[in-house]
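Novice: Pasting a structure here, questions to come.
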Amino acid sequence: MDVVSLCSDLIKCKSVTPADDGALEHVTSFLRSLGFETTALTFSSPDRSNSVKNLFAKYGNSKGKILGFLGHTDVTPPGNGWEVDPFAALQRSGFLIGRGAVDMKGGISAFCCAVQKFIEQKFDGTIEFFITGDEEIGSPEGIPSLIKWMDENKHTPDDCLVGEASSRENLGDRIFLGHRGSMNVTIKSSGKQGHSAYPENYENSLSKLCRYIAKMMDYAWKHEDKRFPPTNLEPTLLFTNNYAVNVVPDESSANLNVRFGSDYDFDSLKQILLEEAKEFGLSLEFHLSGESYYCDNEELKSLLSLAIGETVGIDPAFSAAGGTSDGRHMIRHCNVIEFGPLDTTMHQKNERIKISDLQKLEEIYLTFLQKYFA
């Protein structure tokens, strides 16, 4: 099967998290046709309220290195304003359009088809696929559970390629070696409800909350490790229990998202945020999505850079910008490097990938496989 057909088949699956709609079955069927051993794994939360389908697949022998490929078949909701059906996989003006074309059904399809060509020749080593049906929400029943199963069953790769979108302006111009950490902070503020015309009679929970947010957005974060972009804090949600324009709310809450490099970790950020909240009398709850990580493995960098250069004539830059990926879970077990198509339309309406880029991505992955197992 060619890469455009496989990607189109995957896009037509309405695999909006946590639904699968046959997407993992498509990947499983394709890999089985190549001779891969496949294991379907469904993990459920303790209360059974959430279940996620996952796939592990393996091909090769025990004589050489083990290369993993990490990916996800779930997508974000399409939203409104599309010019075409987001699940029709329409080809127009040299682009393949559809939800997941970039994030990340394009990367999965390109690597699958590269493997199809690569294994026609004999090689020493093993290729493993780790594919989840829930990366966008990132529940524990996705990659964290799959990696735990991997560890328990001794399927840990030596190195892992993540096929997420990484290119910025041209295919091959950027490789991710890591990402900033991400944490969410829920802030709750209590006061006394009252008429806004009588300040002596109320305590404004919302104003306390807003003053704290403004203070933290102006906080002088240190930035010593230049491999990462600076630490950044953004408010993302704001609520009160009042909807009257002349009433001061007694209960307000907000969410902050903090992205941070190696200058901080979860515990140090937590201490700073709690200390700065004391003067406002706020309560804070913290959720860590992942610590920052960076994999500066010279062999992986060199092999992937050479594959990109030979295929598209670009010398890629190395970066730790962008959002988090499931690579943050795999990095605890092996080297991780991240490379895929342009990220300019991911999570947007009319998400699309240039068909020629999809085909070139397959070529880059194939050249990388040849160099990796040489």
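The values are calculated or read from the model by the stated rules, or taken from the named source; none is laboratory data. This one's a predicted model, so the numbers in the text were calculated from it and none came from an experiment. Ideal geometry is used to build each Cβ from the backbone, glycine not excepted, and the neighbour counts take in all protein chains shown.
Novice: Would you point out which residue out of 328, 332 is basic (Lys, Arg), surrounded by fewer than 16 Cβ atoms within 10 Å (Cβ to Cβ) and under 24 Å from residue 65 (Cα atoms)?
Specialist: Answer to the check: 332.
Novice: Ok, one more. I need every pair where a residue in region 1-30 that is in the same structural domain as residue 54 (by TED's automatic domain parsing) has its Cβ under 9 Å from the Cβ of a residue that is aliphatic (A, V, I, L, M) and at pLDDT below 95, sequence separation at least 6 or different chains.
Specialist: Note: pairs meeting the criteria are 9/1; 13/19; 17/137; 18/137; 30/1.
Novice: Among the strands (runs of 3 or more DSSP E) lying completely within region 110-207, list those that include at least 2 residues that are polar (S, T, N, Q) and either outside the structural domain of residue 43 (by TED's automatic domain parsing) or modelled with pLDDT of 95 or more (or both).
Specialist: Filter on region 110-207 gives 126-132, 181-190.
Novice: Can you tell me how many residues within region 57-97 are free of Cβ contacts under 8 Å to residues at least 12 places away in the same chain and exposed (fewer than 13 other Cβ atoms within 10 Å of the Cβ)?
Specialist: So the answer is 2.
Novice: Return yes when residue 239 is in contact with a strand residue (DSSP E or B) (Cβ under 8 Å, 6 or more places away or on another chain), under 30 Å from residue 372 (Cβ atoms) and of a type in the set (Phe, Trp, Tyr) and no when it is not.
Specialist: For residue 239, the condition - in contact with a strand residue (DSSP E or B) (Cβ under 8 Å, 6 or more places away or on another chain), under 30 Å from residue 372 (Cβ atoms) and of a type in the set (Phe, Trp, Tyr) - is not met.
Novice: Of all residues in region 197-237 being free of Cβ contacts under 8 Å to residues at least 24 places away in the same chain and of a type in the set (A, V, I, L, M), which is surrounded by the fewest Cβ atoms within 10 Å (Cβ to Cβ)?
Specialist: 220
Novice: Tally up the residues in region 98-120 that are out of contact with any Phe, Trp or Tyr (no Cβ under 7 Å at 6 or more places or on another chain) and in contact (Cβ under 8 Å) with a residue 60 or more places away in the chain, please.
Specialist: 15
Novice: Filter region 262-278 for residues that are hydrophobic (A, V, I, L, M, F, W, C), within 12 Å of residue 212 (Cβ to Cβ) and either free of Cβ contacts under 8 Å to residues at least 60 places away in the same chain or assigned to a loop (DSSP other than H, G, I, E, B) (or both) and give the result.
Specialist: Once the filter is applied, which keeps residues that are hydrophobic (A, V, I, L, M, F, W, C), within 12 Å of residue 212 (Cβ to Cβ) and either free of Cβ contacts under 8 Å to residues at least 60 places away in the same chain or assigned to a loop (DSSP other than H, G, I, E, B) (or both), region 262-278 yields only 274.
Novice: Moving on to the next point. Evaluate region 30-50: report whether one residue or more is in contact with a helix residue (DSSP H, G or I) (Cβ under 9 Å, 6 or more places away or on another chain), of a type in the set (A, V, I, L, M), closer than 29 Å to residue 348 by Cα and not in a loop (DSSP other than H, G, I, E, B).
Specialist: No, because not a single residue in region 30-50 is in contact with a helix residue (DSSP H, G or I) (Cβ under 9 Å, 6 or more places away or on another chain), of a type in the set (A, V, I, L, M), closer than 29 Å to residue 348 by Cα and not in a loop (DSSP other than H, G, I, E, B).
Novice: With the requirement that a residue be at pLDDT 95 or above and not aliphatic (A, V, I, L, M), what does region 311-325 give you?
Specialist: First pass over region 311-325, keeping only residues at pLDDT 95 or above: 311-320.
Hits for region 311-325 are 311, 313, 315, 316, 318, 319.
Here's the yes/no breakdown for (1) closer than 30 Å to residue 75 by Cα; (2) in the same structural domain as residue 144 (by TED's automatic domain parsing); (3) at pLDDT 95 or above:
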{"residue": "230", "(1), (2), (3)": "yes, no, yes"}
{"residue": "237", "(1), (2), (3)": "yes, no, yes"}
{"residue": "249", "(1), (2), (3)": "no, no, yes"}
{"residue": "253", "(1), (2), (3)": "yes, no, yes"}
{"residue": "266", "(1), (2), (3)": "yes, no, yes"}
{"residue": "286", "(1), (2), (3)": "yes, no, yes"}
{"residue": "341", "(1), (2), (3)": "yes, yes, yes"}
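Novice: I'm checking my understanding of the structure. Among residues of region 315-374 that are assigned to a helix (DSSP H, G or I) and small (Gly, Ala, Ser), which one is farthest from the chain's Cα centre (by Cα)?
Specialist: 356
Novice: So the check is Cβ under 7 Å with 6+ separation or different chains; which pairs have a first residue in region 280-300 that's among the aliphatic types (A, V, I, L, M) and a second one that's at pLDDT below 95 and loosely packed, with under 12 Cβ neighbours inside 10 Å?
Specialist: Between residues of region 280-300 that are among the aliphatic types (A, V, I, L, M) and residues that are at pLDDT below 95 and loosely packed, with under 12 Cβ neighbours inside 10 Å, there is no close pair.
Novice: Determine the pairs where a residue that is in contact (Cβ under 8 Å) with a residue 40 or more places away in the chain, located within region 359-374, has a partner that is assigned to a loop (DSSP other than H, G, I, E, B) and among the polar types (S, T, N, Q) with Cβ atoms under 9 Å apart, the partner being 6 or more residues away or on another chain.
Specialist: Final answer for the pair search is 370/121.
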